[in-house]
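One structure is given here, and the rest of the page talks about it.
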Amino acid sequence: MGTRPLNTAAPSNAALRKTAGAIGGFIIVTLLTFVGLMAITFFIGRVIPIDPVLSVVGDRATQEQYDAVRIAMGLDRPLIAQFITYVGDVFQGDLGHSVSTNRPVAEDLARVFPATLEMATLGIIIGVGMGVPLGVWAAARQGTWVDQLIRVFALLGYSVPAFWLGLVGLVVFYAGLGWVGGPGRVDIFYEGLVEPRTGLLLVDSLIARDFDVFWSALDHLILPATILGFFSLAYIARMTRSFMLDQLGQEYITTARVKGVAEWRVIWTHGFRPIRVPLITVIGLSYAALLEGSVMIETVFSWPGIGNYLTVALLNADMNAVLGATLVIGSVFILINKLSDVLYRILDPRSR
């Protein structure tokens, strides 16, 4: 009597349908969130007391010139019609024309965003590399002088203004000691020597095998990235300490210690492993905050990033540039949150 073959097609099809549904839901939620972001940025840009027409024609233009430019910009149409046109243009990659630079906003953002990305990435690496161990160490030494010292150090990250710390850093480490490079991304005699392929100067200089440009770019990047990393370190260390204190108070930690498990293993294996999932959110939000909140650091260090670009656009009432930069920053938050959801599923099987 023959055995009946197992029907594996049905479970496989069900798994494929489930995966396709999850991907489809992910895409739909992301698109709806992005459209909502566009709606918020667009309507706020229309209600603030800044006239984009005046930024184009100037305050000495005649009424006829003003009306002609207003019609050409589509500002005479209803807001809903303007928004629909705006959404269509954005999905085609058209963010309008910048009054400040006289170039398409999309081209400007593609030029300046890699500079901010490079600085924020190194900053979050510094923040995570120091903040997580310090937070774990403070929790493991709760109540001791080590814990108090780390908490005070983290408190400084919340209290010290970014522009003040940047100015002090330039005075001490650049002008005084000469340990780091000054304002800008690279020494002036190295500008334009490397072809911008990725926009990340460290990467582009390595691709071109121009190590003089690489070391000059790294020399200029260290100080602003370290200052950004210090602010993210404060938040990451504080949250890591809080998560670890909650875990170290659990009964299974006490049981592990009673059984004679090594203290380092109790802390890093039994205590730290469960907090990786909530730490993803903390690190992700810190990274997004560095990308969005680097305006003062970029201004102090004359860093040609999106924060500096946004500041100039605001001062010039360049609303297309302001809306485009805001949209990019908001999109980064959306992307990082969605990547955090993916990492949740990888690190925590219960969420699958």
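Accessible area, 1.4 Å probe, largest first: how do Val69, Val172, Val105 sort?
So, going from the largest accessible area down, we get Val172, Val69, Val105.
Going toward the positive end of the dipole of region 106-351, with +1 on Lys and Arg Cβ and -1 on Asp and Glu Cβ, which of Thr226, Ile150, Tyr252 do you reach last?
Farthest towards the positive pole: Tyr252.
Just to be sure I understand the model, the point goes 7 Å from the Cα along the line to the Cβ. What's the resulting Arg273 to Asn102 distance in nm?
Distance between the two pseudo-spin positions: 6.3 nm.
Evaluate the relative contact order of region 121-210 (contact order divided by residue number), counting alpha-carbon pairs under 8 angstrom at least 6 apart; express in whole percent.
11
When the chain is modelled as a GNM with alpha-carbon springs shorter than 10 Å, which of Ser159, Ser242, Ser216 fluctuates the most?
So, out of Ser159, Ser242, Ser216, the one fluctuating most is Ser159.
Using protein chains only and a probe of 1.4 angstrom, how many square angstrom of Phe272 are accessible, to the nearest 10?
Answer for Phe272: close to 40 Å² accessible.
Of Tyr309, Tyr235, which has the most accessible area with a 1.4 Å probe, and how do the rest follow in descending order?
Listed by decreasing accessible area, they come as Tyr235, Tyr309.
Evaluate E = 1/(1 + (r/R0)^6) for Val312 and Leu206, where r is the Cβ-Cβ distance and R0 equals 35 Å; express this FRET efficiency to the nearest 0.05. Don't jump to the answer; show the numbers that get you there.
On the way: r = 30 Å, r/R0 = 0.85.
Here the calculated transfer efficiency is 0.70.
Provide the per residue accessible area, probe 1.4 Å, for the chain, rounded to a whole number of square angstrom.
Spelled out: the 1.4 Å probe surface of the chain, per residue, equals 57 Å².
Compare the Cα positions of Leu31, Val328, Ala61 along the charge dipole of the chain (+1 at Cβ of Lys, Arg; -1 at Cβ of Asp, Glu; about the Cα centre) and return the one farthest towards the positive end.
So the residue we want is Leu31.
Taking 0.36 nm per intervening residue step and subtracting the Cα-Cα distance, what contour gain separates Thr255 from Ile334 on full extension?
Here the answer is 24.4 nm.
Say R0 is 25 Å: what FRET efficiency, to the nearest 0.05, do Val35 and Thr281 get from their beta-carbon distance?
Numbers: r = 24 Å, r/R0 = 0.95.
It comes out at approximately 0.60.
Suppose we keep just the alpha-carbon trace of the chain; what are its Rg and Dmax in angstrom?
In Å, with Rg to one decimal and Dmax whole: 25.5, 98.
Quick one: length gained pulling Arg265 to Gln92 fully straight, 0.36 nm per residue minus the C-alpha distance?
In short, 57.0 nm is gained.
Compare Phe301, Phe113 by solvent-accessible area with a 1.4 Å probe and give them largest first, with all protein chains kept in place.
Numbers: Phe301 0, Phe113 50 Å².
Of Phe301, Phe113, the descending order of accessible area is Phe113, Phe301.
With charges only on Cβ, +1 for K and R and -1 for D and E, what is the dipole size of region 237-352 about its Cα centre, in debye, rounded to 20?
Here the size comes out at about 700 debye.
Which whole-number percent gives the relative contact order of the chain, counting Cα pairs below 8 Å spaced six or more residues apart? Can you show the working numbers first?
On the way: 375 pairs, mean separation 90.0, N = 352.
26 percent.
Roughly how many percent of the accessible protein surface of the chain is carbon and sulfur, given a 1.4 Å probe and a whole-percent answer?
65
If I take every Cα pair under 8 Å that is 6 or more residues apart in region 45-133, average their sequence separation and divide by the length, what percent do I get for the relative contact order?
14
Return the whole-Å distance between the Cα centroid of region 183-246 and the Cα centroid of region 269-323.
So the two Cα centres are separated by 14 Å.
Over the chain, with a Gaussian network built from C-alpha contacts below 10 Å, which listed residue (Gly249, Gly330, Gly45) shows the highest mean-square fluctuation?
Result for the chain, Cα springs under 10 Å: Gly249 fluctuates most.
Using the basic label-point model (7 angstrom from Cα toward the beta carbon), what is the Phe163 to Gln142 distance in nanometres?
4.1
The values are calculated or read from the model by the stated rules, or taken from the named source; none is laboratory data. What you are looking at is a predicted structure, and each value in this text was computed from that prediction instead of being measured. Cβ sites come from the backbone with ideal geometry, for glycine too, and all protein chains shown count toward neighbours. Only protein heavy atoms, including side chains, enter the accessible area calculation; ligands, DNA and RNA are left aside. Shrake-Rupley method; radii C 1.70, N 1.55, O 1.52, S 1.80 Å.
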